[in-house]
Amino acid sequence: MFIYSITTALAVGLANGANDNFKGVATLFGSGTARYRGALAWGTTATLAGSIVASLTGVALARALAATACCLTAPRRWCCRVQGSAPLF
């Protein structure tokens, strides 16, 4: 079931975002500012940078939410003192 879910998610992501790489910089090509390969390189670079920033942001958010959940459920807020975060109340 796990492999099926991952495969389905990848297939939907591929089908949904296959043309998004070039759509963001199509104006560069359409206006003649950049050639096709140059515009495609800009799109690829911007997409890669965005995915890296999104991944780092997601990790930071997951850590913050995990620390919050631990603080709410841990007995005597032990987890909050260990992780260095302040108790919520």
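With θ taken as phi - 60° and the coefficients 6.51, -1.76 and 1.60, list the Karplus ³J(HN,Hα) couplings across the range 22-27 in order, rounded to whole Hz; mark glycine and proline as x.
Result, rounded to whole Hz: 8, 4, x, 10, 4, 5.
FRET efficiency for residue 55 and residue 3, Cβ-Cβ distance as r, R0 = 25 Å, nearest 0.05?
The formula returns an efficiency of 0.65 here.
Please list 3J(HN,Hα) in residue order for the range 51-62, calculated via the Karplus relation 6.51 cos²θ - 1.76 cosθ + 1.60 where θ = phi - 60°; whole Hz, with x for glycine and proline.
5, 5, 5, 5, 5, 5, 5, x, 5, 5, 5, 4
Scan around residue 34 for amide H atoms under 5 Å from its own, H built in the peptide plane at 1.01 Å from N, and keep only partners 5 or more places away or cross-chain.
When sequence neighbours closer than 5 places are left aside, the close amide H contacts are 29.
Taken together, the values in this text are just the output of simple stated rules run on the coordinates, not laboratory data. None of these values were measured; they are calculated from a predicted model. For neighbour counting, all protein chains shown are included, and Cβ atoms are generated from backbone atoms with ideal geometry for every residue, glycine included.
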